[in-house]
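Below: one structure, written as structure tokens.
The values are calculated or read from the model by the stated rules, or taken from the named source; none is laboratory data. Keep in mind that this is a model prediction, so the values were computed, not measured. So basically every Cβ, Gly included, is an ideal-geometry build from the backbone, and we count neighbours across all protein chains shown.
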Amino acid sequence: MKSTKEEFLEILSNYQGILYKVCLIYFKNRSDREDNFQEIVYQLWKSFPSLKNRNSIGSWIYAVAINTSISRIKRETKIEYSDSVPELPDRINIAQTMEVQESFQLLLDAIYQLDEINKSIMLLYLEEKSYAEIADIIGISTSNVGVRISRAKELLKRNIKE
């Protein structure tokens, strides 16, 4: 039988990619992303004992990560944003890497221009979550998710063209 700490660390290890993605979407500056990552882990640990449905851990992690990030942005207006390209893992094919970095940066810059809720929705949409899952995580209706995704796609297209 695993202890609570061991179970939490295993879950954190399995789902840490979600935390990195949420931090990347909300914070351009590396140190802000790292600080937010730590805050998310702390919030997850605090709320872990009250997690009742162990079958929806991914949704729980998304919800805590997104809410923590939005709360941090609202709480800390001194966060500085940088226009530099986020660090990406090294790739073997340099030409492909450059293309991926440029495309990724265009998409990321366009997403940065969205409001916090639409950032969250687009992150979950890009993660191929269903409308029902997105609605559950964000706390809005499924039909509202569809409307917001449609509008956000249009905004992203417009932002990328600019």
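Quick look at the numbers
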item	result
Helices (runs of 4 or more DSSP H) wholly inside the stretch 76-162 containing at least 3 residues that are modelled with pLDDT of 90 or more	116-126, 131-138, 142-161
Residue identified as among the polar types (S, T, N, Q), over 22 Å from Lys129 (Cα atoms) and surrounded by fewer than 16 Cβ atoms within 10 Å (Cβ to Cβ) among Asn53, Asn29	Asn29
Residues that are in contact (Cβ under 8 Å) with a residue 60 or more places away in the chain and assigned to a helix (DSSP H, G or I), drawn from the stretch 19-55	Lys21, Val22, Leu24, Ile25, Tyr26
Considering residues of the stretch 122-162 that are surrounded by 18 or more Cβ atoms within 10 Å (Cβ to Cβ) and among the basic types (Lys, Arg) only, the residue nearest to Val64 (Cα to Cα)	Lys129
